[in-house]
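The values are calculated or read from the model by the stated rules, or taken from the named source; none is laboratory data. The model shown is predicted, which means the values in this text are computed figures rather than measured ones. No Cβ is skipped: glycine too gets one built from the backbone with ideal geometry, and neighbour counts run over all protein chains shown.
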Amino acid sequence: QAGVFTYDPGFTSTAACDSTITYIDGDKGELLHRGYPIDQLAGDSHYLEVCYLLLYGNLPSKAELEKFEKTITMHTMIHEQMHGFFRGFRRDAHPMATMVGVVGAMSAFYHDSTDITDPRQREIASHRLIAKMPTIAAMAYKYSIGQPFVYPRNDLDYAANFLHMCFAVPAEEYNVDPILSRAMDRIFTLHADHEQNASTSTVRLASSSGANPFACIAAGIACLWGPAHGGANQACLEMLKEIGSVDRIPEFIARAKDKNDPFRLMGFGHRVYKNFDPRATVMKQSADEVLDLLGVEDNPILQVAKELEKQALSDPYFAEKKLFPNVDFYSGIILEAMGFPTSMFTPIFALSRTVGWVSQWKEQLGDPGMKIGRPRQLYKGEAARDYTPVDER
Ligand code: SDX
């Protein structure tokens, strides 16, 4: 068809699915959402407009965008009875544990959007998940630091509302800095979707059994938590702090190259990108802007990150293995400068990726030929043999 192209990466035999949502060319370092390059969306669009694009396939008209933004805004509160769920967790529970539990529990409160055979219920579930995820993430943070929950506000945009719910306290006025809010919104956009990554594949597999949308997204959050995936942003900042100064960088690069050392450079390498992750390039620019705005442009961790990137990229090992910084390499530096603890980095990734999970979930459910996912294996165990009673063993 004119204008439609099928990208056959040469491994269609292992391709998990057909999709029209996100296209990645790992060799070129190219990422498109419904055909739009990520750097243009991160620079010129905003997260809720990107959400509309991912969900419905095209950029919205002004009227469509206003209607969509109002719908999301009017669904940001969670059922009041759900507040008790947070108090069932230990104070020091990782916010990702809370998010997995609370999002899964949504299926117990939003019965009118769990029937996946009803397109209208699918639409309602999509909007509820995108609208409520920042509220849940912010409540998980507030609970972990012993501060009262802050309700969402309808006069703030999506990113500003999240920052307000995280950092406002009843004791005083909290005004969201519009430049920080813009940087937050850009981080949401950079994490919105990424083809068939591990957590999205988890959502698709869970959805293929007919599980309700909240259970499927809770499964995606659980998978994203791992340090090889969405947990890398937290692990990367912790690694940069452990390195501490530029003179220790060679020691850690040597460890990353040592096959006998399990240490890997967090925020480096990717299953698909064998060139720069285009999101990392935008994130690095944003890090410079945000830290400059906050007056911490000489942040020692940012200096370590930049020097580590420079030394790694000039090292033959990383060049030969095509290891480049990925989306997680600079994001933690920005989030920490904004005031978030490292434990909130992956929850922010999860709330950003919710639209990607939901869009891919909807796309799969819209496929009349959808069957339950059932990966096979290469069996390498024992051949058939007879049972022997324990007294004869
Ligand atoms: C995300 O899939 C997605 O799209 C994910 C994601 C998304 O948006 O959903 O992009 C988000 O998960 C980004 C990745 C975040 N993870 C990290 O930054 C953790 C550190 N990175 C590594 O753990 C690793 O790079 C992976 C897990 C991301 C990929 O691992 P692979 O599959 O082993 O990578 P590879 O096949 O390209 O590795 C080639 C070689 C291997 O060595 P050999 O077996 O050839 O001897 O490079 C080595 C790897 O051991 N290697 C590294 C390394 N990453 C790979 N060596 C040192 N440091 C690293 N970071």
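So the values come out like this:
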{"item": "Complete set of residues in the range 73-113 that are assigned to a loop (DSSP other than H, G, I, E, B) and buried (at least 20 other Cβ atoms within 10 Å of the Cβ)", "result": "T76, I78, Y110"}
{"item": "Checking A254 against (1) within 12 Å of the ligand (Cβ to nearest atom); (2) among the small types (G, A, S); (3) within 27 Å of the chain's Cα centre (by Cα); (4) surrounded by fewer than 20 Cβ atoms within 10 Å (Cβ to Cβ), the condition it does not meet", "result": "(3)"}
{"item": "All helices (runs of 4 or more DSSP H) inside the range 297-392 with 3 or more residues being within 14 Å of the chain's Cα centre (by Cα)", "result": "328-338, 345-365"}
{"item": "Spans of helices (runs of 4 or more DSSP H) in the range 169-275 with at least 1 residues within 22 Å of S19 (Cα to Cα) and in contact with a Gly (Cβ under 6 Å, 6 or more places away or on another chain)", "result": "198-208, 213-224"}
{"item": "Selected residue [of a type in the set (S, T, Y) and either under 16 Å from L240 (Cα atoms) or surrounded by 15 or more Cβ atoms within 10 Å (Cβ to Cβ) (or both)] from Y273, Y317", "result": "Y273"}
{"item": "Scan of the range 109-133 for residues that are of a type in the set (S, T, Y), at pLDDT below 95 and within 23 Å of P152 (Cα to Cα), ordered by number", "result": "Y110, S113"}
{"item": "Only one of T189, T202 that is surrounded by 18 or more Cβ atoms within 10 Å (Cβ to Cβ), closer than 24 Å to A287 by Cβ and not basic (K, R)", "result": "T189"}
{"item": "Checklist (1) within 16 Å of the ligand (Cβ to nearest atom); (2) surrounded by 14 or more Cβ atoms within 10 Å (Cβ to Cβ) applied to S208, failing item", "result": "(1)"}
{"item": "Hits in the range 28-72 (condition: in a loop (DSSP other than H, G, I, E, B) and of a type in the set (G, A, S))", "result": "G29, G35, S45, G57, S61"}
{"item": "Qualifying residue in the range 206-219 (condition: under 21 Å from Q360 (Cα atoms), within 17 Å of the chain's Cα centre (by Cα) and free of Cβ contacts under 8 Å to residues at least 24 places away in the same chain)", "result": "yes"}
{"item": "Subset of the range 225-251 (residues that are within 14 Å of N326 (Cβ to Cβ), more than 7 Å from the ligand (Cβ to nearest atom) and either among the β-branched types (V, I, T) or loosely packed, with under 14 Cβ neighbours inside 10 Å (or both))", "result": "none"}
{"item": "Enumeration of residues in the range 39-84 that are in contact with a Pro (Cβ under 7 Å, 6 or more places away or on another chain) and more than 23 Å from R186 (Cβ to Cβ)", "result": "M77"}
{"item": "So D298, is it near the ligand (Cβ under 10 Å from one of its atoms) and surrounded by fewer than 21 Cβ atoms within 10 Å (Cβ to Cβ)", "result": "no"}
{"item": "Residue pairs meeting the criteria (Cβ under 7 Å; at least 6 apart or on separate chains; first in contact (Cβ under 8 Å) with a residue 12 or more places away in the chain and among the hydroxyl-bearing types (S, T, Y), in the range 167-180; second part of a loop (DSSP other than H, G, I, E, B) and loosely packed, with under 11 Cβ neighbours inside 10 Å)", "result": "none"}
{"item": "Exclusive hit being modelled with pLDDT of 95 or more, more than 16 Å from the ligand (Cβ to nearest atom) and of a type in the set (V, I, T), set V390, V290", "result": "V390"}
{"item": "Checklist (1) more than 30 Å from F109 (Cβ to Cβ); (2) of a type in the set (G, A, S); (3) away from the ligand (no atom under 11 Å from the Cβ) applied to A219, failing item", "result": "(1)"}
{"item": "Positions within the range 313-367 being within 27 Å of V296 (Cα to Cα), among the acidic types (D, E) and touching a Ser or Thr at 6+ places or on another chain (Cβ under 8 Å), in sequence order", "result": "E336"}
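Each row is one residue, and each column tells you yes or no for (1) away from the ligand (no atom under 15 Å from the Cβ); (2) under 19 Å from H33 (Cα atoms).
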{"site": "L313", "(1), (2)": "no, no"}
{"site": "Y317", "(1), (2)": "no, no"}
{"site": "K321", "(1), (2)": "no, no"}
{"site": "F324", "(1), (2)": "no, no"}
{"site": "V327", "(1), (2)": "no, yes"}
{"site": "Y330", "(1), (2)": "no, no"}
{"site": "E336", "(1), (2)": "yes, no"}
{"site": "I348", "(1), (2)": "no, no"}
{"site": "Q360", "(1), (2)": "no, yes"}
